[in-house]
Amino acid sequence: MEKRIAVIEGDGIGPEVTKQAVNVLNAVAAHFGHSFQYTYALMGAAAIDQTGNPLPDETIGACLESDAILFGAIGDPKYDNDPNAKVRPEQGLLKLRKTLQLYANIRPVSTYASLFHLSPLKSRQLEDVDFIIFRELTGGIYFGKKESSADGNQSLDECVYSREEIERIAHLAFHFAQKPGRRRKLTLVDKANVLETSRLWRKVVKELAAQYPDVTVDYMYVDNAAMQLIQNPKQFDVVLTENMFGDILSDEASVISGSLGLLPSASLAANGLALFEPIHGSYPQAAGKDIANPVGAILSAAMLLEYLQMSEEAALVREAVNWTLLNSFVTKDIDPVNFYFTSTIGELICDYVSGKISGSVKRENIELRKSTII
Ligand code: IPM
Ligand code: MG
């Protein structure tokens, strides 16, 4: 197959983890006889530095002309620490989501037995954890009216949701809960005891539930969900929630896997366009050091392959990632003492995909590429 992929590396560790994801896509293309054509585009602080605009029109154009978008990370401390900054890197990503109508952000959370000992949670809480967060991505408080009073002492962020916005993502989540291998359970996370928008979410989801009689629906307040995610994460199958709650809960959920660096995500639009990005941020302290975890980006590439109907290819990438984790080939976020570099993990995953690593891998050769910083 021939596919066009827009690549937005973004800021901080974005470029180095995205590079590994692209290398893996190239290994997949070579192995399966596909051809991927990449168009690189700017967004975030990188775009502000070069053009003054966090989302140049060329970037939107490149995305619209592609079959899928691969994105790295966004954010730069020089803007974080300046509350008066008029232009911010994050505006680029938010505008891209809104412009392309990427309304459904899908964040799968799973655990790896080989990493149980590194998680702050106990092993018995980690077994059989496999859930997926459906986060609404183009509405709510992120996109409501924003105002500050003239004297700068009062500010407003409005949270608005419409029935249509809730229905379209709820349908996706219900369909997903019905897929083979799922447990047909959907949990709506809201704050319906306080917020009017949450009461609308509950009303709409309750109505839709009648169309999916084989899916069990339960409703959970977000504060309780934050606790339950840590206390008993295996109870969740499909979690459906609004924009801001989904942002917060998905970072929390990453702790279950062992590292924020492991989790991928997909953002889908109604017109069929989709963007794939790791859920982590730009981690500026690690930028350029070759220590960031590329797995979130590489698993995002696997989700991209799945979306392009390349299921076998996606499965091979996931198998390669599992193989590295199982063999303790991990980056510093997972093992601060015995760690491998970003590029080494990327190479190993590419080698696995290309069939260069068989069961009898020469571990000593790989050990040579291990960090010597202890
Ligand atoms: C995410 C990020 C973004 C968000 C930021 C960078 C605007 O945290 O994708 O989870 O809040 O949506
Ligand atoms: Mg976030």
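The values are calculated or read from the model by the stated rules, or taken from the named source; none is laboratory data. Predicted model only: the values in this text are computed from it and were never measured. Here the Cβ positions follow ideal geometry from the backbone for every residue, glycine too, while neighbour counts run over all protein chains shown.
Data overview
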{"quantity": "Scope segment 236-250; condition assigned to a helix (DSSP H, G or I) and touching an Asp or Glu at 6+ places or on another chain (Cβ under 9 Å); matching residues", "calculated": "ASN243, PHE245, GLY246"}
{"quantity": "Wholly within segment 1-90, helices (runs of 4 or more DSSP H) carrying at least 1 residues that are at pLDDT 95 or above", "calculated": "14-32, 45-51, 57-64"}
{"quantity": "Residue within segment 161-168 that is of a type in the set (Ser, Thr, Tyr) and farther than 24 Å from LEU102 by Cβ present", "calculated": "no"}
{"quantity": "Condition met for LYS146 (of a type outside the set (Asp, Glu), within 16 Å of ligand 1 (Cβ to nearest atom) and in contact with a strand residue (DSSP E or B) (Cβ under 7 Å, 6 or more places away or on another chain))", "calculated": "yes"}
{"quantity": "From the options GLN178, GLN211, residue that is touching a His at 6+ places or on another chain (Cβ under 9 Å), away from ligand 2 (no atom under 16 Å from the Cβ) and more than 16 Å from VAL129 (Cα to Cα)", "calculated": "GLN211"}
{"quantity": "Within segment 230-253, tally of residues that are at pLDDT 95 or above and within 14 Å of ligand 2 (Cβ to nearest atom)", "calculated": "9"}
{"quantity": "Hits in segment 92-125 - residues which are within 12 Å of ligand 1 (Cβ to nearest atom), in a helix (DSSP H, G or I) and buried (at least 19 other Cβ atoms within 10 Å of the Cβ)", "calculated": "GLY92, LEU93, LEU96, ARG97"}
{"quantity": "Residue in segment 51-64 that is out of contact with any Cys (no Cβ under 8 Å at 6 or more places or on another chain), within 16 Å of ligand 2 (Cβ to nearest atom) and within 27 Å of PRO284 (Cβ to Cβ) present", "calculated": "no"}
{"quantity": "Single condition TYR161 does not satisfy, out of (1) of a type outside the set (Val, Ile, Thr); (2) modelled with pLDDT under 95; (3) assigned to a loop (DSSP other than H, G, I, E, B)", "calculated": "(2)"}
{"quantity": "Output for segment 254-267, where each listed residue is outside any loop (DSSP other than H, G, I, E, B), away from ligand 2 (no atom under 11 Å from the Cβ) and crowded, with 20+ Cβ neighbours inside 10 Å", "calculated": "ILE256, SER257, GLY261, LEU262, PRO264, ALA266, SER267"}
{"quantity": "Residue in segment 279-295 that is of a type in the set (D, E, K, R), more than 23 Å from LEU100 (Cα to Cα) and not in a strand (DSSP E or B) present", "calculated": "yes"}
{"quantity": "Options ALA73, ALA45, ALA27; residue that is over 17 Å from the mean Cα position of the chain (by Cα), small (Gly, Ala, Ser) and within 14 Å of ligand 1 (Cβ to nearest atom)", "calculated": "ALA45"}
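Listed here are the residues, each with its yes/no results for (1) crowded, with 17+ Cβ neighbours inside 10 Å; (2) more than 16 Å from LEU93 (Cβ to Cβ); (3) among the charged types (D, E, K, R).
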{"site": "ILE13", "(1), (2), (3)": "yes, no, no"}
{"site": "ALA27", "(1), (2), (3)": "yes, yes, no"}
{"site": "PRO54", "(1), (2), (3)": "yes, no, no"}
{"site": "GLY61", "(1), (2), (3)": "no, yes, no"}
{"site": "LEU70", "(1), (2), (3)": "yes, no, no"}
